[in-house]
Amino acid sequence: MRWLATLVVVAWVQAVTPSAHAWEHWPGEWNPGRPHLALVDAVAPPPTTRRIEQDVFRLEVPFRTQKDGGPWQVSNCGPATLGMVLDGFGLGGQPTDDLRYRAHWYQGTVGSRTGTALEHIAQVAGDLGVPTIGPYAEGGRFHAWSLDEIREQLRLGRPVMPLIRLYLLPGKENVGPRWGHYILLTGLTEDGFFYNDSLQTDFAIGTSGWIPAVQLERAMYSSHFPGQALAFGSPRMPPLKVWTP
């Protein structure tokens, strides 16, 4: 009967997935056959309980740049960051532009060069098998995350994607535009956070960002939606590898 369960899963995936044929009317951005979902096994793995207790650690999340030469590279921080998360959890094979299309299908902005709202990133992550925590609080309002809440999610092995002001990132203080930007928080030090940044093009630089806690808080609470963030993962997800000094 396992084949029957698999057919049920495939049918559900097809039902919730935006039609790939929409890409045929958007030239230059689509190859036939996409998007391709990573099928979630009908039998979920047993839940795992792990809390990282080290003072300094970093979750090993692969790097992906948004600067890929495509037409959306200026505003693709959200889809590129989601791609890092999917790759980290073993759900690879999802091109950044495919993830953008999925999110902007929900957002109603397919073809626009605008950014991607965090709630639609969450929808796409869920479609592809990665549970999320946030961005909503009770009553449907956006949840304003505290640094302690973020620290706890990281200690549970869940990377966190906050909305920040780009010019408040280390090394970006002189950037003129006051854009919003997504980074991926991957670990902790005693007084700061490690992060991946899709604006970089080099793997080593893109995965080794560090921001003081006070600066992260300022960057988050100066954004369009102060304190907005999204954590990825659950006890049933395969644990990410952890780097410690």
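Any read-out appearing in this document is the output of simple, stated calculations on the displayed coordinates, not a laboratory observation. Remember, predicted model here, so these are calculated numbers, not experimental data. Positions of Cβ are generated from backbone atoms using ideal geometry, with glycine treated the same way; all protein chains shown enter the neighbour counts.
Just a few scattered comments:
- Placing unit charges on each Cβ (+1 for Lys and Arg, -1 for Asp and Glu) gives region 58-235 a dipole about its Cα centre, and among Met161, His120, Tyr195 the Cα reaching farthest toward its positive end belongs to His120.
- Net charge dipole size for region 58-235 [Lys, Arg +1 and Asp, Glu -1 on Cβ; Debye, nearest 20]: 360
- From the alpha carbon centroid of region 72-104 to that of region 173-237 is 16 Å.
- Here's how it looks for Val242: its modeled amide H is under 5 Å from those of Glu60, which are all 5 or more places away or on a different chain.
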